[in-house]
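Q: I have a structure here, written as structure tokens, and I will follow up with some questions on it.
The values are calculated or read from the model by the stated rules, or taken from the named source; none is laboratory data. Worth saying up front: this structure is predicted, and the values here are computed from it rather than measured. Counting neighbours? That spans all protein chains shown, and the Cβs are built from the backbone with ideal geometry, glycine included. Calculation scope for accessible area: heavy atoms of the full protein, side chains included, ligands and nucleic acids excluded. Shrake-Rupley method; radii C 1.70, N 1.55, O 1.52, S 1.80 Å.
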Amino acid sequence: ATMALPALALLLAARLLHTQASLSARSFQLDYEHNCFRKDGVPFRYISGSIHYARVPRPAWRDRLLKMYMSGLNTVQVYVPWNYHETLPGVYDFTGNRDVEAFLDLTAELGLLVILRPGPYICAEWEMGGLPAWLLWKPDINLRTSNLAYLAAVDSWLHILLPKIKPRLYQQGGNIISVQVENEYGSYYACDYGYLRHLLSSFRALLGSEVLLFTTDSARAEELRCGTLQGLYATVDFGPGSNVTEAFGAQRCVEPKGPLVNSEYYTGWLDYWGEAHASTSAAWVAQGLEDMLQLGASINMQVVSWQRAQPPGEYMFHGGTNFAYWSGADYKNQYKPVTTSYDYDAPLSEAGDPTEKLFAIRTVISKFQPLPVGPMPPATPKYAYGWVALRKYADLLDVLDVLCPFGPIQSQFPLTFEALKQVHGFVVYHTQLPWDVPDPATLSAPPHSICDCGYVMLQKEYQGTLERDGQTTLNVTGRAGDTLDILLENMGRISFGANTSDFKGLLGNLSLNSRPLSNWLIYPLAIDTAVQQGWPHTALPKSSSRGRVGPAFYTGTFETPGIAWDTFVKFPGWSKGLLWINGFNLGRYWTRRGPQQTLFVPGSVLRVGHPNNITVLELEGAPPTPVLLFLDQPVYNRTLGYST
């Protein structure tokens with residue numbers, strides 16, 4: 001036994017040396033002499049596609065990643081939304097759908113490399129570009145700059161996230177080949193090189209000296225000037241229709257040597273509420289891809305709105321869905337909120353189905369590298385569960401005791417969501433008419449102070465809607481002491497624009513015939529908390545004498561025929577609101593505005609053998625007969641013949 005101990009020690013030492021030698025042989029580097037990447041010393045080109053795990057239910061991760069792999073991609077690009085994980089200061093969530101480590105491990109299991117984009121700002125048409133809204137609770141904070149309060153929050157977050165990432169770096173035996181620092185910083189007004197240097201120092205300290213760090217900006221010279229920094233490899237983004245030679249020429253102005261990289265090749269078009277559903281030609285996308293591959297470039301495919309004089313956004317090879325309140329907004333002369341669907345005509349549809357565009361891309365890739373052996377996995381099964389009748393449960397103003405259990409906050413003048421520490425959702429502002437108004441008087445808000453939609457009730461009767469960059473006045477009559485309530489909806493904070501400091505709620509005081517109103521009771525609503533706990537299905541029925549107009553809750557149930565397949569919900573005759581099934585927030589519908597007419601319901605949300613509980617918050621007006629229709633395909637107005 002004593003003789004065996006030295007032998008065992010020698011064996012363990014040999015294995016350790018072998019492991020260390022194997023790791024030292026793993027490398028992913030820039031080759032400036034030959035203008036390429038080198039993986040383990042061998043020239044390498046990645047063909048990548050973007051996917052956001054935060055927009056795909058965890059049970060569907062494997063299906064989507066496998067389809068990307070079978071499309072011929074050798075790499076996937078992954079954003080990490082800071083606000084998805086640090087929901088409140090110092091409160092972290094990496095469980096369930098938010099388990100980014102499990103997602104990264106699954107990419108490795110399927111043989112995919114990863115380009116990681118951890119921000120701290122990511123854009124992605126995600127709520128506030130991934131920055132937590134609670135940053136705006138800090139007085140005088142200046143986002144995406146060297147502001148000390150902002151940097152302290154960033155450093156705290158990076159010290160939580162990046163240690164989870166380091167063991168998964170390629171040099172450490174993992175599959176992450178490169179990491180982006182910030183995102184399209186050149187498009188931001190600040191142009192703060194000190195901020196970029198701080199991020200570079202933090203990433204190096206937490207990830208080590210070997211990992212490849214890079215930036216991404218458009219091919220515009222002024223954006224490359226402000227978005228790049230020595231020590232970070234500069235890449236560009238552009239879409240089909242762009243002059244490939246000119247775009248890569250812009251990269252060469254800041255990186256004279258090294259691989260050509262398009263970090264965001266835009267394969268589709270973006271939808272905003274109130275605009276036409278957009279699509280792009282599969283042949284157009286495929287031709288642009290082939291042109292770049294013939295130049296030897298490395299490419300990541302995303303979907304984006306690429307229009308002259310409009311900013312590029314961040315979109316996907318597979319988009320998914322903006323569940324709950326996670327959709328962001330752009331600002332281009334006006335506030336433009338993003339739809340719940342994140343399909344965007346991507347190669348993989350919102351439901352994860354291969355499209356004509358995917359097969360066109362796959363054919364192009366096959367000209368440059370072998371495709372994986374085997375068939376493309378089929379589309380996920382869908383089921384049209386049919387009509388489901390709902391009944392009105394209660395008007396929103398009649399259940400404030402449930403939705404705001406801690407009671408209202410009293411204030412002389414309105415407070416913003418941020419002052420109330422309300423991140424998402426809704427707030428009710430309540431006051432009384434201070435004098436008789438026998439003749440129509442103008443209820444008005446200062447410019448840009450309704451953020452983003454305000455549903456006005458007088459004596460609990462719906463009067464109309466005030467809207468950011470839209471209607472900001474209503475005519476009302478009443479008596480002194482009549483109740484005035486405004487339900488304020490956050491439609492998503494700006495994710496791309498001049499400034500991401502997008503405060504929500506009533507940003508200014510309402511006035512009646514130019515006389516300011518005061519003495520407000522303010523109710524921050526916790527609707528999701530109540531619904532996730534079973535309300536209103538577990539509550540006693542409410543009776544309401546008022547009609548079907550104005551903010552109100554509707555409930556119903558349905559059972560599946562022994563299956564839990566994906567489906568799409570249509571809202572015939574409804575106006576605007578939110579849908580929960582079994583406590584899961586499926587996001588916003590706005591059939592009156594469009595283009596999206598259905599919400600995607602993943603099968604993983606549904607129950608088999610038990611009733612599925614439906615809760616709808618309708619904000620403006622339900623149909624005379626409140627019903628939902630479950631279909632096996634999505635519907636957009638102006639594309640499939642449906643008209644609002």
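Q: Determine if the range 213-224 includes at least one residue that is in contact (Cβ under 8 Å) with a residue 24 or more places away in the chain, open to solvent by 10 Å² or more (accessible area, probe 1.4 Å), within 30 Å of residue 335 (Cα to Cα) and polar (S, T, N, Q).
A: No; the residues of the range 213-224 include none that is in contact (Cβ under 8 Å) with a residue 24 or more places away in the chain, open to solvent by 10 Å² or more (accessible area, probe 1.4 Å), within 30 Å of residue 335 (Cα to Cα) and polar (S, T, N, Q).
Q: How many of the residues making up the range 501-524 are within 22 Å of the chain's Cα centre (by Cα) and either over 20 Å from residue 425 (Cβ atoms) or surrounded by fewer than 23 Cβ atoms within 10 Å (Cβ to Cβ) (or both)?
A: Final tally of qualifying residues: 2.
Q: Hey, another quick one. Could you look through the range 110-162, keep only residues that are without any contact (Cβ under 8 Å) to a residue 24 or more places away in the chain and open to solvent by less than 10 Å² (accessible area, probe 1.4 Å), and pick out the one that is nearest to residue 203 (Cα to Cα)?
A: Going through the qualifying residues, I end up with 150.
Each row is one residue, and each column tells you yes or no for (1) closer than 30 Å to residue 131 by Cα; (2) among the aliphatic types (A, V, I, L, M); (3) in a strand (DSSP E or B).
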site	(1), (2), (3)
447	yes, no, no
456	no, yes, yes
462	no, no, yes
466	yes, yes, yes
477	no, no, yes
487	yes, yes, yes
503	yes, no, no
509	yes, no, no
522	yes, yes, yes
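Quick grid of which residues meet (1) among the aliphatic types (A, V, I, L, M); (2) under 26 Å from residue 621 (Cα atoms); (3) not assigned by the TED database to the domain that holds residue 576:
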| position | (1), (2), (3) |
| --- | --- |
| 448 | no, yes, yes |
| 469 | no, yes, yes |
| 482 | no, yes, yes |
| 487 | yes, yes, yes |
| 502 | no, no, yes |
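Q: Let me ask something additional. Pairs, please: C-beta under 6 Å, at least 6 apart or cross-chain, first residue closer than 19 Å to residue 47 by Cα and in the range 367-382, second surrounded by 14 or more Cβ atoms within 10 Å (Cβ to Cβ)?
A: If the second residue must be surrounded by 14 or more Cβ atoms within 10 Å (Cβ to Cβ), the pairs left are 368/293; 371/72; 372/70; 376/70; 376/354.
Q: Is there a residue being at pLDDT 95 or above, in contact with a Ser or Thr (Cβ under 9 Å, 6 or more places away or on another chain) and among the hydroxyl-bearing types (Ser, Thr, Tyr) anywhere in the range 458-471?
A: no
Q: Would you mind finding the one in 239, 227, 173 that is open to solvent by 10 Å² or more (accessible area, probe 1.4 Å) and either in contact with a Ser or Thr (Cβ under 9 Å, 6 or more places away or on another chain) or not aromatic (Phe, Trp, Tyr) (or both)?
A: Sole residue among the options that is open to solvent by 10 Å² or more (accessible area, probe 1.4 Å) and either in contact with a Ser or Thr (Cβ under 9 Å, 6 or more places away or on another chain) or not aromatic (Phe, Trp, Tyr) (or both): 173.
Q: Kindly establish whether residue 185 is modelled with pLDDT of 95 or more, surrounded by 17 or more Cβ atoms within 10 Å (Cβ to Cβ) and in contact with a helix residue (DSSP H, G or I) (Cβ under 7 Å, 6 or more places away or on another chain).
A: Taking the combined requirement at face value, the residue satisfies it.
Q: Which is more than 21 Å from residue 351 (Cα to Cα), among the charged types (D, E, K, R), in contact (Cβ under 8 Å) with a residue 12 or more places away in the chain and open to solvent by 10 Å² or more (accessible area, probe 1.4 Å), of 576, 542?
A: Exactly one residue qualifies, and that residue is 542.
Q: When you look at residue 391, is it among the charged types (D, E, K, R) and either touching an Asp or Glu at 6+ places or on another chain (Cβ under 6 Å) or open to solvent by less than 20 Å² (accessible area, probe 1.4 Å) (or both), yes or no?
A: No; evaluated as a whole, the condition is false for this residue.
Q: Can you name the residue in the range 441-488 that is without any contact (Cβ under 8 Å) to a residue 40 or more places away in the chain and of a type in the set (Ser, Thr, Tyr) and is also least open to solvent (accessible area, probe 1.4 Å) among such residues?
A: 472
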